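Below is one structure, written out as structure tokens; comments come after it.
The values are calculated or read from the model by the stated rules, or taken from the named source; none is laboratory data. Note that the coordinates shown come from a computational prediction; the quantities given were computed from them, not determined experimentally. Cβ sites come from the backbone with ideal geometry, for glycine too, and all protein chains shown count toward neighbours.
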Amino acid sequence: MFLVREVYFSEIGFIPNGLMWSLTTLAVATWRMRARGVSWKDLGLRRPTNYKVSLIATVFILGLVPVLVVLFSVMSDQLALVVAPDNSAEQAVSKFGDLRGNWLLFLTIIPFIWLESLLEELLDRGFLINWIERMLSNNLFATIFAVIAQAAIFGFRHSYDLSERSITVGLIGLAMGLGYVAFGRNLWPLIAAHCALNTLSMLDRVTGV
């Protein structure tokens, strides 16, 4: 996940590079899973058995994310924590172009954003949580550690620092991980929530609100 990001083709832009990183990691993960006799269906890429529970899981994640972010904001103010400011707005312009008022650009790139959201859930929740659990003997401690560890990894690799952005993204990963283990380990509610969050983030950049 980290080493492949050292390969960057500046000629093709951020989105193709991001998909290349995720698809390369997906190929390696699939190879290791096959060696263990594990499929993506086993990790949660399967039809939900109860759509009502899946909907509740999606709403749970979407509701938990702002709660965790607000709690972090309150704690950082109370404890006077010093972290680097969130510069994701400037990074978004360099990655995607100027989205403000550009609905055509939004409609062009949003399918790729959704695809990347799906790939991140497969890798960060489906693969990482289960791989860490298996490495630590599949007990309660292993599950708790796996959920926290994947959230930390998810946050860090989005900005490679200890900043407001990396912590916020890590909290999103924590909400996703909790939703995954609490609601039957089905990946589709996580994918739906992830796509919704990224869509809202991109819409915010288009409207400039």
Exercise. Give the residues of region 79-90 that are part of a helix (DSSP H, G or I) and either without any contact (Cβ under 8 Å) to a residue 12 or more places away in the chain or within 20 Å of A175 (Cβ to Cβ) (or both), sorted by residue number.
Key: L79, S88, E90
Practice problem: Return the only residue of A196, A192, A146, A182 being closer than 22 Å to Q91 by Cβ and at pLDDT 95 or above. | Solution: A196
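Every residue, every condition in (1) in contact (Cβ under 8 Å) with a residue 24 or more places away in the chain; (2) within 18 Å of A193 (Cα to Cα); (3) in contact with an Asp or Glu (Cβ under 7 Å, 6 or more places away or on another chain), yes or no:
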residue	(1), (2), (3)
L71	no, no, no
D98	no, no, no
G101	yes, no, no
D124	yes, yes, no
Exercise. Starting from region 24-38, take each residue that is within 24 Å of Y8 (Cα to Cα) and list its partners that are not in a helix (DSSP H, G or I), counting only C-beta distances under 6 angstrom and pairs at least six apart or across chains.
Key: T25/M1
Quiz item: Pick from S117, S88: which is at pLDDT 95 or above, under 27 Å from I12 (Cβ atoms) and hydroxyl-bearing (S, T, Y)?
Solution: S117
Quiz item: Can you pull out the helices (runs of 4 or more DSSP H) entirely within region 96-209 that have at least 3 residues that are under 16 Å from I61 (Cβ atoms) and under 10 Å from the mean Cα position of the chain (by Cα)?
Solution: 103-120, 140-156, 164-182, 188-207
Quiz item: Take the residues of region 1-41 that are assigned to a helix (DSSP H, G or I) and of a type in the set (K, R): which is modelled with the lowest pLDDT?
Solution: R5
Quiz item: Checking V83 against (1) at pLDDT below 90; (2) under 22 Å from T199 (Cα atoms), which test does it fail?
Solution: (2)
Practice problem: Within region 55-69, track down each residue that is more than 13 Å from G179 (Cα to Cα) and free of Cβ contacts under 8 Å to residues at least 60 places away in the same chain. | Solution: P66, V67
Quiz item: How about region 139-185: which of its residues are surrounded by 22 or more Cβ atoms within 10 Å (Cβ to Cβ) and basic (K, R)?
Solution: none
Quiz item: What are the pairs, 6+ residues apart or on separate chains, where a residue within region 193-206 that is over 9 Å from I113 (Cα atoms) has its Cβ under 6 Å from a residue that is among the aliphatic types (A, V, I, L, M) and part of a helix (DSSP H, G or I)?
Solution: A193/I61; A193/L62; R205/A92
Exercise. Please specify each residue of region 1-54 satisfying the condition of being over 23 Å from A182 (Cβ atoms), surrounded by fewer than 16 Cβ atoms within 10 Å (Cβ to Cβ) and of a type in the set (V, I, T).
Key: V4, V7, I12, T24, V28, T30
Quiz item: Does A57 meet the test of being part of a helix (DSSP H, G or I), touching a helix residue (DSSP H, G or I) at 6+ places or on another chain (Cβ under 9 Å), hydrophobic (A, V, I, L, M, F, W, C) and at pLDDT below 95?
Solution: no
